[in-house]
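Novice: Okay, handing you the structure first.
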Amino acid sequence: MLGAACWVATIAWAVQMDMGLWGMPGTMGMSLPSFLVMWTLMMAAMMLSSMAPLATMYGRTITHHRGLRLTGFGGGYLVAWGATGTVAFAVADLFGDMAATRPTAARAVAVTCFAAAGTYQLTPLKTRCLKHCRSPLGDLMRFIGFRGPLRDMRAGAHHGLFCLGCCWALMVLMVAFGVMNVAAMVGLALVIAIEKHWRHGERFARAVGVVAIVWALLILVEPGAAPGLDPYDVMDIDGMDGDGMGAS
């Protein structure tokens, strides 16, 4: 339910800002605080459904104050992901400006994003982190041993960091697609869910890596395949801004 609510809120935010389903390049003119709120909301929408099985298992070990403690667990998980928002803001701002002023360099960045994400999907570190997310029972036993008032948040943050190790390269693609590209968010959320829950998820993750590397080659031919770093999209936005200013 919470994940669905976050999806509704994210889409409503995109519609309110007139970004549609495909988003806009860069930081979309947001300040850092606004961007961090939006980023955390996006991460909640994309990731909460993937961590639900572990949260359910963890909840079964709680015998008192279930609601409060599960909120702490989910909060710790989101803190781990939300903390990446500052980095995402800086990267999106830098490369959004680059797309407007240095299109050749922006294309190289887009190619690098996809190539790096695809390569990481094929590494042993990705496999290790994915195995943790697919079979977290061992860590669940460790979480039960945590003590103190922040034990649930600590457990959620611990799992969130493993999840971050599993999925960070896929999130880098949001720079190339556009940070608030709702269609890309849905696609990546599906990829993450299939990786974590399908019995062939590890093979699927490697297949996604190959697709990302092929996509990197496609961008060399068609820059529009990475709309978040496509200079023509940035020019269109600048033109709209200019028309709006002229109209006022």
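Novice: Which is of a type in the set (S, T, N, Q) and modelled with pLDDT of 80 or more, of Thr86, Thr56, Thr63?
Specialist: That would be Thr86, the only listed residue that is of a type in the set (S, T, N, Q) and modelled with pLDDT of 80 or more.
Novice: State yes or no: is Phe73 buried (at least 22 other Cβ atoms within 10 Å of the Cβ) and modelled with pLDDT of 85 or more?
Specialist: Answer is no for this residue.
Novice: Now, a different point. Report, ordered by the first and then the second residue, all pairs with beta carbons closer than 8 Å, sequence separation of six or more or different chains, a first member in the stretch 42-54 that is of a type in the set (Phe, Trp, Tyr), and a second member that is surrounded by fewer than 22 Cβ atoms within 10 Å (Cβ to Cβ).
Specialist: Short answer, once both residue conditions are applied: none.
Novice: Answer yes or no: is there a residue in the stretch 230-248 that is modelled with pLDDT of 75 or more and acidic (Asp, Glu).
Specialist: No, the conditions are met nowhere in the stretch 230-248.
Novice: Further question on the same structure: Which number in (1) more than 30 Å from Thr101 (Cβ to Cβ); (2) in a helix (DSSP H, G or I); (3) modelled with pLDDT of 80 or more; (4) out of contact with any Lys or Arg (no Cβ under 8 Å at 6 or more places or on another chain) marks the one condition that Arg142 misses?
Specialist: (3)
Novice: For the stretch 69-93, enumerate the residues that are under 18 Å from the mean Cα position of the chain (by Cα), part of a helix (DSSP H, G or I) and among the hydrophobic types (A, V, I, L, M, F, W, C).
Specialist: Matches in the stretch 69-93: Leu78, Val79, Ala80, Trp81, Val87, Ala88, Phe89, Ala90, Val91, Ala92.
Novice: Identify, please: which residue in the stretch 89-105 is farther than 21 Å from Gly224 by Cβ and surrounded by 15 or more Cβ atoms within 10 Å (Cβ to Cβ) and is, among those, modelled with the lowest pLDDT?
Specialist: Ranking the candidates gives Asp93 first.
Novice: May I ask you to say which residue of Ala108, Ala117 is among the aliphatic types (A, V, I, L, M), crowded, with 19+ Cβ neighbours inside 10 Å and assigned to a helix (DSSP H, G or I)?
Specialist: Ala117
Novice: Go over the candidates Ala212, Ala226, Ala205 one by one and state the one that is at pLDDT below 85 and within 19 Å of the chain's Cα centre (by Cα).
Specialist: Ala226
Novice: Between a residue in the stretch 56-77 that is closer than 14 Å to Leu140 by Cα and any residue that is assigned to a helix (DSSP H, G or I) and among the β-branched types (Val, Ile, Thr), which pairs come within a Cβ distance under 6 Å, given they are 6 or more apart or on different chains?
Specialist: From the stretch 56-77, the pairs are Thr61/Ile144.
The values are calculated or read from the model by the stated rules, or taken from the named source; none is laboratory data. Nothing here was measured: the structure is a model prediction, and the numbers come from that model. Positions of Cβ are generated from backbone atoms using ideal geometry, with glycine treated the same way; all protein chains shown enter the neighbour counts.
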